[in-house]
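Throughout, read-outs are computed from the coordinates displayed, never taken from laboratory work. Everything numeric in this text was worked out from a predicted model, so none of it was measured. So basically every Cβ, Gly included, is an ideal-geometry build from the backbone, and we count neighbours across all protein chains shown.
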Amino acid sequence: MASVRPLVAMSASGRFGTGPGCDEVQQVLAMVLEAGATAGELRSDIDPVEVGGILAGLLSVAGAPEQRPQLNRMLDFVVDGLRPHQGLR
């Protein structure tokens, strides 16, 4: 399973690019997003690169252990946005 270290490194650099770490994260995100879309739990129009960028951004502003409640709240917003909306299933 992919480590979150590549995401943390990307958040520190301020970009979500390419390379072995990014590629691995994107592959895992693609599998999770596809499984979620197949199950009807996630939208089918989600790009794993965009989600990776969102996660890297969240970690850049709330990645410290003492910011865990803030990070959890922001992740709730992201997950809500990934869920299918009426007419998008």
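Key figures
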quantity	calculated
Using θ = phi - 60° and Karplus 6.51 cos²θ - 1.76 cosθ + 1.60, couplings along the stretch 31-37 (whole Hz; Gly, Pro as x)	5, 5, 5, 5, 4, x, 5
Phi-based couplings in Hz for the stretch 50-56 (Karplus 6.51, -1.76, 1.60; Gly and Pro marked x)	5, 5, x, x, 5, 5, 4
Most to least packed among 74-81, 58-65 [average Cβ atoms within 10 Å]	58-65, 74-81
For the stretch 30-89, average projected area of the Cα convex hull in nm²	4.2
